[in-house]
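Quick notes on the structure that follows.
The values are calculated or read from the model by the stated rules, or taken from the named source; none is laboratory data. Computed from a predicted structure; not experimentally measured. With ideal geometry, Cβ positions are generated from the backbone for all residues, glycine too; neighbour counts draw on all protein chains shown.
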Amino acid sequence: MTNPQAEQQTEPAHPLAQIDAEIAACQRCDLYQHAHRAVPGEGDPHAEVFLIGEAPSAYDDRSGRPFSGPSGVLLDELLTLAGLSRSQVYLTNIVKHHPQESHPLTPEEVNACAGYLTRQIAAVNPKVIVTLGSSALARFGAAFPRAKITQMHGQARLANGRIVVAMYNPAAALHREELLATVRRDFQEGLPAALAEARRLAAEGKLGQPEQPPTEEAPQQMTLF
């Protein structure tokens with residue numbers, strides 16, 4: 001007699017699961033030594049919008065979830081302004097362990113996690129990447145050469161088969177109240193415009209290419225907003 005359960009085929013795990021497991025065991029740099037846990041990322045594994053912060057906060061270090069503290073509360077509000085929710089996007093950071101005493105990230109720390117981020121982007125295959133803060137913006141230096149977040153926030157570039165949008169990190173708005181209105185406007189106006197344009201380009205077959213090193217393709221400036 002045939003066992004129906006034996007005939008059932010197990011659905012293959014999403015590539016993000018393997019990446020998460022590798023990050024959880026990662027010792028490629030010294031950040032893991034003082035962290036409680038790794039913070040790989042979370043969200044919709046097929047999200048259209050992929051947000052990248054700098055590093056897990058102390059709150060994230062305890063919970064294992066990105067943007068889980070006050071900055072996360074603000075981010076949820078900002079996503080609502082953009083017509084999105086946390087469950088509809090994917091959230092991660094440049095590095096995957098909390099830096100003690102908020103020291104500036106070193107090139108070695110960033111490089112240690114660079115491969116994880118590239119693989120996460122490829123696995124999710126988003127239409128829009130939102131860089132939250134200067135460190136995340138620097139990851140896409142080919143699209144924003146010599147750019148400063150104060151000059152580039154709210155702007156978008158078509159680079160490497162995706163739209164990349166530069167935004168302030170929500171944590172910056174918590175520390176500098178004068179930025180809050182700007183951050184809200186960028187999310188409310190800029191992100192929906194970028195997503196609408198990305199969907200149009202995707203329908204024409206111009207987005208969603210496999211993630212490649214960002215220097216391999218010349219960026220195109222977009223006048224979305």
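Please specify each residue of region 85-106 satisfying the condition of being part of a strand (DSSP E or B), among the hydroxyl-bearing types (Ser, Thr, Tyr) and more than 12 Å from GLN120 (Cα to Cα).
Residues of region 85-106 that are part of a strand (DSSP E or B), as a first pass: 89-93.
If we keep only those that are among the hydroxyl-bearing types (Ser, Thr, Tyr) too, we end up with 90, 92.
Once the filter is applied, which keeps residues that are part of a strand (DSSP E or B), among the hydroxyl-bearing types (Ser, Thr, Tyr) and more than 12 Å from GLN120 (Cα to Cα), region 85-106 yields nothing.
Could you list all residues from region 48-59 that are in a helix (DSSP H, G or I) and either touching a Lys or Arg at 6+ places or on another chain (Cβ under 9 Å) or under 14 Å from ILE23 (Cα atoms) (or both)? Even if it seems obvious, please write down each step before you answer.
Keep residues of region 48-59 that are in a helix (DSSP H, G or I), which gives 58-59.
Selection gives TYR59 alone.
Considering only residues that are buried (at least 22 other Cβ atoms within 10 Å of the Cβ) and either farther than 25 Å from ARG200 by Cα or over 17 Å from the mean Cα position of the chain (by Cα) (or both), which ones fall in region 140-177?
TYR168, ASN169, PRO170
So GLN188 passes all but one of these: (1) at pLDDT 95 or above; (2) farther than 23 Å from ILE149 by Cβ; (3) of a type in the set (S, T, N, Q). Which condition number does it fail?
Failed condition: (2).
State whether one or more residues within region 172-189 are small (Gly, Ala, Ser), under 14 Å from VAL130 (Cα atoms) and in a helix (DSSP H, G or I). Can you show your working first?
Narrowing region 172-189 to residues small (Gly, Ala, Ser): 172-173, 181.
Imposing the further condition that a residue be under 14 Å from VAL130 (Cα atoms) reduces the set to none.
No, region 172-189 has no match at all.
How about region 178-205: which of its residues are more than 16 Å from VAL165 (Cβ to Cβ) and either more than 21 Å from the chain's Cα centre (by Cα) or in contact (Cβ under 8 Å) with a residue 40 or more places away in the chain (or both)? Explain how you work it out, then say what you get.
If we filter region 178-205 for residues that are more than 16 Å from VAL165 (Cβ to Cβ), which is where we start, we get 178-181, 203-205.
Across region 178-205, the qualifying residues are GLU178, ALA181, ALA203, GLU204, GLY205.
Can you spot a residue in region 41-56 that is crowded, with 18+ Cβ neighbours inside 10 Å, among the aromatic types (Phe, Trp, Tyr) and over 24 Å from ALA172 (Cβ atoms)?
Within region 41-56, none of the residues are crowded, with 18+ Cβ neighbours inside 10 Å, among the aromatic types (Phe, Trp, Tyr) and over 24 Å from ALA172 (Cβ atoms).
Every residue in region 78-124 that is over 24 Å from ARG146 (Cα atoms), of a type in the set (S, T, N, Q) and at pLDDT 95 or above, please.
THR80, SER85, SER87, GLN88, GLN120
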